[in-house]
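Every number in this text was worked out from the coordinates using simple rules, so none of it is lab data. This one's a predicted model, so the numbers in the text were calculated from it and none came from an experiment. Neighbour counts run over all protein chains shown; Cβ positions are idealised from the backbone, glycine included.
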Amino acid sequence: MRPVSVRRFTEAPRHALAVGAGGVRDLWVGTDDASGSPWQLQLVELRGPHGRIQLPEGMNQLVVGVSGAQVIVQADSTRPAPLRRDQALLTRASFVDFHRPGIRGIGLSRVLVLSSAASVPAATFEATAVDGPLQVASTTLALVVMRGGVKVGAVAAGRESAIIVGGDAPLNVVATSAQVLSFARPSREA
């Protein structure tokens, strides 16, 4: 069985955005056991109409809408693109700008950003609503529990938690009325 760790959103230290109101929480910074590639999973919390995060050079970023008002995402000189809950956009920029049209500083929009080395294929993302056994690919890096609960072997995680699993062994995962976001590296056959 591969090692599993759990990080609640509120346990992760909050850092200021590069620009704008809100913050960034590092849920996981580490190396994928199977590929040796660096990975970073961050929760971005946007409070104002505009925010920017600074990202490592030479990385892919998979940006996923989690909750709150829709945001418009723009990376470097790319065209702005809308991002809704449970949708993902891939960028290869050293920064990402977020805009919340019509927001006057009230409320909170959250997005997850999974950064990986540009030298390896970008990670994939899937949102699942499940109650019972959850099929988890051997390529899974992290599960993010948005609602309900998830048990991985003897390790339990509640809502707003990231479960870091990044290995190659199969997992025994059971969900209880859960909304789960799965992040995985592409399979070697892909």
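Highest GNM mean-square fluctuation among 161, 109, 77, for the chain modelled with Cα contacts below 10 Å: 77. Ranked by the mean number of other Cβ atoms within 10 Å of their residues, highest first, the peptides 40-49, 122-131 fall in the order 40-49, 122-131.
Net charge around residue 51, counting only other residues with Cβ within less than 12 Å of its Cβ (Lys, Arg = +1; Asp, Glu = -1)? Result for the neighbourhood of residue 51: +2. Taking the chain as a Gaussian network of alpha-carbon nodes connected by springs under 10 Å, the highest mean-square fluctuation of the residues 144, 29, 165 belongs to 29. With the convex hull of its Cα atoms as the shape, the range 124-184 has an orientation-averaged projected area of 3.3 nm². Counting only the Cα atoms, the chain fills a convex hull of 110 Å³ per residue.
From most to least packed by mean Cβ count within 10 Å, the peptides 132-141, 111-120 give 111-120, 132-141.
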